[in-house]
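Take a look at the structure below.
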Amino acid sequence: MRFCLHLFHFCLKVKSSITAHKAGCRCAGRGLQSKESFRDSFHTEKNRTLLPRNQKNVLQGQHEADKIWSKEGFYAVVIFLSIFVIIVTCLMILYRLKEKLQLSLRQDKEKNQEIHLSPLALPPAQSEAKTVNSMVQPEQAPKVLSVVVDPQGRYAPEIKATTSACPSPFKMKPIGLQERRGSNVSLTLDMSSLGNVEPFVAIPTPREKVAMEYLQSASRILTRSQLKDIVASSRLLQSEFMEIPMNFVDPKEIDIPRHGTKNRYKTILPNPFSRVCLRPKNVTDSLSTYINANYIRGYRGKEKAFIATQGPMINTVNDFWQMVWQEDSPVIVMITKLKEKNEKCVLYWPEKRGIYGKVEVLVISVNECDNYTVRNLVLKQGSHTQHVKHYWYTSWPDHKTPDSAQPLLQLMLDVEEDRLACAGRGPVVVHCSAGIGRTGCFIATSICCRQLKEEGVVDVLSIVCQLRVDRGGMVQTSEQYEFVHHALCLYESRLSAETVQ
């Protein structure tokens, strides 16, 4: 652009000088015209006839040059030069773009180099030294994560070492944060080496194994006085919360076709080993067994103390009531509004009577409390009936916490009273919208309050980790993690007051 501007200014100067020269010539000509007009007119025809041919050509050339440097000729030259400069500039830009494209292609090739996950042969001293804070540890041989059932019928993940290591056909590439459990890498097949390996099995990454070890071993036991002190340290609680792996599930781990149609949120999925499986009669479709719900262990690891699930959708209402009937649940706790900007849950109970699949639901009574509504329901299927209490708590905003922990604490105590009254029945069903945030807070508070009452100490970190083993993402935010501690501090004050009395 600068070159074009300089060229344009130069052309203007040339034109102005030519114009000035012509103007001077015209003025001189006018002064002599009066004296020589007669003589010029007399000799004009004579000069035309007597001039040699070469002099005529010179005069014609001068006349043509004057035409070129006229106004029209000047603009023609400027336009021609401008077009030439534009063409040269475009060619230079295209050349630079081509260089940048080639550079980016070379960088992509370097990034896509295969990184094999086969074991590394390290010196003994180096293989024994492990970094404490690192999420990736060197391994002697690949291990396989499997799910086993102990004699008491409890589910537990188990890591087994394989007998030999073989070159792996997998390579690592970065993907989204929630795509794998506590991991930011995924496994992709290297087609060139598939013939050299055994059939595919789900092998957890080193980071996944370290995350699971953390969830199964993390602990911070707090006395009553320590509980009060840690509540005052918001930064410490936030730091502790950020260390807990989320343990989200990869959709590929759920081997049920079209299960995504029954998930309210595509990244919030049930952990496979603790997933609630529906048992419909005379149905061979695997999708009919699927519901986005997990069994949750309770105080001292009691199996199936709770069920954490998402808010029912229009196409999963029948599945929800089938689960409540199948598990013989005495209590349902709903901690969400039907709509908060977007739909959070559908209205899945009737005003008086409704039939959902094979389950008939009757509303016997409705009691309005200060912060929640209690409905007494009767479920019927054939000649059998079940009594269920439905608690609807609406004072808790999504992704946030209530202004006071007192209403939640009262709800927890009422639900605990109903649970003890129905000791021989199934798990308490708890849901919000996604089934992990507010649901996780309620279940964590229930377990922690019972531990504080029974033992005089509480281990919130260990309990939240236990919840995330059963269902990924439980207690979703650091604000909710702090709120659990505030609720426990309030419960501790109540216990102290009861002790004094």
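With viscosity 1.002 mPa s and temperature 20 °C, the Kirkwood radius over alpha carbon pairs of region 218-500 converts through Stokes-Einstein to a diffusion coefficient of 111 µm²/s. Remark: for residue pairs 252/281; 228/389; 266/337; 281/389, the C-alpha separation exceeds 31 Å in 228/389. Each peptide among 378-385, 461-468, 352-359, 402-409 gets the average number of other Cβ atoms lying within 10 Å of its residues, and from highest to lowest they stand as 461-468, 402-409, 352-359, 378-385. Restricting the calculation to alpha carbons of region 290-435 gives Rg and Dmax of 14.7, 46 angstrom. For region 323-386, GluC sites (Glu not before Pro) meeting the loop criterion (DSSP other than H, G, I, E, B) and having at most 14 other Cβ atoms within 10 Å: 351.
The length gained on full extension between residue 235 and residue 395, counted as 0.36 nm times the residue separation minus their Cα-Cα distance, comes to 55.0 nm.
When the alpha carbon gyration tensor of region 305-345 is reduced to an equivalent ellipsoid, the three semi-axes, largest first, read 21, 13, 7 Å. So, counting K/R as plus one and D/E as minus one, what does the shell of residues with Cβ under 14 Å around residue 359 add up to? Its environment carries a net charge of +1.
Read-outs throughout are calculated quantities, based only on the coordinates presented, and are distinct from any laboratory measurement. Being a predicted model, the structure only gives us computed values, none of them experimental. A quick note on method: Cβ atoms are made from the backbone with ideal geometry, for glycine too, and the neighbour counts reach across all protein chains shown.
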